[in-house]
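Reviewing the structure listed below.
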Amino acid sequence: MPRPPADENPYAPPSSEGGELAPGYHSSEVDAETVKRFRREIQALGVFWGLIGLLILAIGLAIMWGGDLGGSVYGPPIAGIVFLAIGVAWFTLGVLACLKHLWAVYVGLGLSYVSLVGNLVQLNVCGLVILAVVILQSHRVIGWARQMQRAGLPLTLRPEQVNPVIPGQS
């Protein structure tokens, strides 16, 4: 059996046409466009949930500081505390979704379904339309994340780090 040249490693991963090691992750199931869509959509979800959280926090603070929104001389009303807690939760979920934590997307999706029921009971058409879009987008993000996880790719992967598997290379 002939010996390989001293500079050739028989255990080296596949290389690109130029002979150098192709940087990044290799996948035949996930392409750079899928990673780009996943990153764009999970970022949009996170920003939306973060903005909703900030809006709810602002309402909670307005309630806590009184005025015509229900403040009390005897202490903060319960509604203000509830708004603050909900606002912190939505904002936190938004930040964690932007950091590519899939569990945050699942929790946000669950809260979106609860909110959908509340908007349906109140017949808030605008809220229903917005929530329908958010729920659809959440399911799409989860689908792309599962596809990336099945391929063994991290969710923090950038599109330029994905290299397609070239047939004939192992």
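No lab work stands behind these numbers, since they all come straight from the coordinates. On a predicted model such as this, the values are computed, not experimentally measured, just so you know. When we count neighbours, we look across all protein chains shown, and the Cβ atoms used for this are built from the backbone with ideal geometry, even at glycine.
Using a 7 Å offset from the Cα along the Cα-to-Cβ direction at both ARG146 and TRP65, what is the distance between the two label points in nm, to one decimal?
4.5
Projected area of segment 87-132, taken from the Cα convex hull and averaged over every viewing direction, in nm²?
Dividing the Cα hull surface by four gives the mean projection, 3.2 nm².
Pop out the Kirkwood hydrodynamic radius of segment 82-162 from its pairwise C-alpha distances, inverse of mean 1/r, in Å to one decimal.
Numbers: mean 1/r = 0.0714 Å⁻¹.
Hydrodynamic radius (Kirkwood, Cα pairs) of segment 82-162 is 14.0 Å.
Enumerate the amide H contacts of VAL162 below 5 Å, restricted to partners 5 or more residues apart or on another chain; note that Pro and chain-start residues carry no placed amide H.
TYR25
For segment 77-83, just list the computed ³J(HN,Hα) in residue order, Karplus coefficients 6.51, -1.76 and 1.60, θ = phi - 60°, integers in Hz, with x standing in for Gly and Pro.
x, 4, 4, x, 5, 5, 4
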